[in-house]
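**Q** For reference, the structure I am asking about is given below.
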Amino acid sequence: MTEQATFAGGCFWCTESVFKQIDGVTDVVSGYAGGHVADPSYEAVCREETGHAECVQLTFDPDEVSYEDLLAVHFTTHTPTTKDREGNDVGTQYRSAVFYHDEAQRETVEALIEEIEPGYDSDIVTEVEPLETFYPAEEHHQDYFEKNPDQSYCQLTIPPKIEKLKEKHAELLA
């Protein structure tokens, strides 16, 4: 039986690329959550008209990778201490968030934040919210790095995140 997790940590192209490397993650879909407009477009999200965050929804096998391990990857491959920002990407759509699917996920993420926050120089600003609706992004945003490996933004931002993943979580790699 599989489970789902939904994380926002900056550009969804980057986040998707990281989680696709994890053994036990069977699907990664880029999309939008946390907003107030039904079926938002990328352009409207980028104009900050919808309140959504760019995020990924993972389907994973909990017998192969735990929700706790996925959270650990999330918190070590983006900056959870900067509000509405990841690197050079600035705006509410780039905020750090965990959209929990049930109370067990909520309790797990809140406990993890409490445990790891002392290790950061600033407070963790990651939003912890119930997932109300996840909207998959437009098709051309799915598997973006795989389809556009030479795109300069991807070349600059994704490889350092994957290197951090390999350094901190090698045991989870497929």
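**Q** With only alpha-carbon atoms counted, please give the Rg and Dmax of the chain, in Å.
**A** Rg, Dmax (Cα atoms, Å): 14.8, 41.
**Q** Given a 1.4 Å probe and heavy atoms of the protein chains only, how would you sort Arg47, Arg95, Arg85, Arg106, largest accessible area at the top?
**A** Arg47, Arg85, Arg106, Arg95
**Q** Return one whole number: the accessible area per residue of the chain in Å², for a 1.4 Å probe.
**A** So the chain comes to 49 Å² accessible per residue, rounded to a whole number.
**Q** Evaluate the distance, in nm, between pseudo-label points positioned 7 Å from the Cα of Glu129 and of Lys147 along their respective Cα→Cβ axes.
**A** Going by the 7 Å Cα→Cβ label model, 2.6 nm.
**Q** I'd like the Kirkwood hydrodynamic radius of segment 105-152, using the inverse of the mean 1/r over distinct C-alpha pairs, in Å.
**A** 14.2
**Q** To the nearest 0.05, what FRET efficiency results for Glu107 and Ser41 with a Förster distance of 25 Å applied to their C-beta separation?
**A** Calculated value: 0.15.
**Q** Say we join alpha carbon atoms closer than 10 Å with springs in a Gaussian network model of the chain; which of Phe145, Phe75, Phe99 then has the biggest fluctuation?
**A** Largest GNM mean-square fluctuation: Phe145.
**Q** Quick one: check the C-alpha center-to-center distance for segment 66-104 versus segment 119-137, whole angstrom.
**A** That distance is 5 Å.
**Q** Taking N as the number of residues in segment 7-95, what is its Cα Rg relative to 2.2 N^0.38 Å?
**A** 1.09
**Q** Rounded to a whole number, what % of the accessible area of the chain do carbon and sulfur atoms account for, probe 1.4 Å?
**A** Answer for the chain is 47 percent, counting heavy atoms of protein chains only.
**Q** Further question on the same structure: Rounded to the nearest 0.05, what FRET efficiency do Glu139 and Thr2 have when you use their Cβ-Cβ distance and R0 = 25 Å?
**A** 0.65
**Q** Right, next: Keeping every protein chain in place, order Val128, Val28 by accessible area at 1.4 Å, biggest value first, i.e. largest first.
**A** Accessible-area ranking of Val128, Val28, largest first: Val128, Val28.
**Q** Which distance in nm do the two modelled labels at Asp27 and Thr59 give, with both placed 7 Å along the Cα-to-Cβ direction?
**A** Result for the modelled spin labels: 0.2 nm.
**Q** Which value, in Å² and to the nearest 10, is the accessible area of Tyr153 when all protein chains are kept and the probe is 1.4 Å?
**A** Approximately 60 Å² for this residue.
**Q** Related question: Per the helix-only calculation at 222 nm, which mean residue ellipticity applies to the chain, given -39500 (n - 2.57) for every DSSP H run of n ≥ 4 and division by its residues, nearest 500 deg cm²/dmol?
**A** The helix contribution divided over the chain gives -10000 deg cm²/dmol.
**Q** Please give the FRET efficiency for Glu115 paired with Asp84, using the beta carbon to beta carbon distance and R0 = 22 Å, rounded to the nearest 0.05.
**A** E between Glu115 and Asp84, to the nearest 0.05, is 0.35.
The values are calculated or read from the model by the stated rules, or taken from the named source; none is laboratory data. The structure displayed is predicted, hence computed values, not measured ones. Counting neighbours? That spans all protein chains shown, and the Cβs are built from the backbone with ideal geometry, glycine included. Just the protein is used for accessible areas: all its heavy atoms, side chains included, with ligands, DNA and RNA removed. Shrake-Rupley method; radii C 1.70, N 1.55, O 1.52, S 1.80 Å.
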